[in-house]
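*Asks:* Sending over a structure as structure tokens; questions will come in a sec.
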Amino acid sequence: NAGVTQTPKFRVLKTGQSMTLLCAQDMNHEYMYWYRQDPGMGLRLIHYSVGEGTTAKGEVPDGYNVSRLKKQNFLLGLESAAPSQTSVYFCASSYPLSSGYTDTQYFGPGTRLTVL
Amino acid sequence: AQKITQTQPGMFVQEKEAVTLDCTYDTSDQSYGLFWYKQPSSGEMIFLIYQGSYDEQNATEGRYSLNFQKARKSANLVISASQLGDSAMYFCAMSHDGGYNKLIFGAGTRLAVHP
């Protein structure tokens, strides 16, 4: 089991460029999340998905879009990157609490994004 | 609104000693979960321990235990017999009832273990 994987690991963008971050999980988790981590802060939720074909906004969704076309994948898109989006991005996945399994979230290794 | 507070930006401990990392939370929900994650310098987020709001016993996982005091809304992490490899950032987080397991994180505590 690879768990949660993220690609790419590092990326440098110029202001206005676009990119997509890919998250994949092989644990058959229903729920998936995207967080960002800025220096000196904990993680903040950008968007999340509770199942294939569904997405919802988190705490800091502006400037991002997401898609969940397959259960195992969750994509995060930046349409027009801004320096304020320089951050480390983490993907996570979990079972629903109602599943009877623990709802612990398991995280990918992170993507370090710099926007110049 | 839910909130997690970690008041210790940095802590240090001697190797083999125990250390407590503080976490207080604010919620009006009856059902919630409390989590601790470790983030070493390599950057990944490693799950350590979980406590459900209805669990009467404090959670333990090896050298980690969670001191859960519901009335005080605190969920402190206790690391026993500290090791050099415990040096890392530690984050307390909370999920809430009906929130699709969405996590709210504290700002973290940086722990340094000295030989």
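*Asks:* Take B:Tyr32 and tell me if it is among the aromatic types (Phe, Trp, Tyr), touching a His at 6+ places or on another chain (Cβ under 7 Å) and either surrounded by 14 or more Cβ atoms within 10 Å (Cβ to Cβ) or under 22 Å from A:Val50 (Cα atoms) (or both).
*Replies:* Yes.
*Asks:* Continuing with the same structure: Under the condition of being over 25 Å from A:Gly108 (Cβ atoms) and small (Gly, Ala, Ser), which residue from segment B:23-51 is farthest from the other protein chains (Cβ to nearest Cβ)?
*Replies:* Of everything passing the filter in segment B:23-51, B:Ser28 is farthest from the other protein chains (Cβ to nearest Cβ).
*Asks:* Does segment A:77-90 contain any residue that is under 11 Å from the mean Cα position of the chain (by Cα) and over 22 Å from A:Gly3 (Cα atoms)?
*Replies:* no
*Asks:* How many of the residues in segment B:1-29 are surrounded by 12 or more Cβ atoms within 10 Å (Cβ to Cβ), over 14 Å from the mean Cα position of the chain (by Cα) and over 23 Å from A:Gly58 (Cα atoms)?
*Replies:* Looking only at that region, the number is 5.
*Asks:* I would also like to ask the following. Can you pull out every residue in segment B:68-106 that is surrounded by fewer than 16 Cβ atoms within 10 Å (Cβ to Cβ), at negative phi and not acidic (Asp, Glu)?
*Replies:* Scanning segment B:68-106 gives B:Gln69, B:Lys70, B:Ala71, B:Arg72, B:Ser80, B:Gln83, B:Leu84, B:Gly85.
*Asks:* So which residues in segment A:6-48 are in contact with a Phe, Trp or Tyr (Cβ under 9 Å, 6 or more places away or on another chain) and loosely packed, with under 13 Cβ neighbours inside 10 Å, if there are any at all?
*Replies:* The answer is A:Asn28, and nothing else.
*Asks:* Are there strands (runs of 3 or more DSSP E) fully within segment A:1-72 with at least 2 residues that are touching a residue at least 24 places away in the same chain (Cβ under 8 Å), more than 10 Å from chain B (Cβ to nearest Cβ) and of a type in the set (Val, Ile, Thr)? List them.
*Replies:* Passing ranges, in order: A:4-7.
*Asks:* Can you work out which of the residues in segment A:73-89 that are in contact (Cβ under 8 Å) with a residue 60 or more places away in the chain and in a strand (DSSP E or B) is farthest from the other protein chains (Cβ to nearest Cβ)?
*Replies:* So, considering only residues that are in contact (Cβ under 8 Å) with a residue 60 or more places away in the chain and in a strand (DSSP E or B), the one farthest from the other protein chains (Cβ to nearest Cβ) is A:Leu78.
Coordinate-derived values only; no laboratory data. All figures in this text were calculated on a predicted structure; none of them were measured in a lab. Virtual Cβ from ideal backbone geometry, glycine too; neighbours counted across all protein chains shown.
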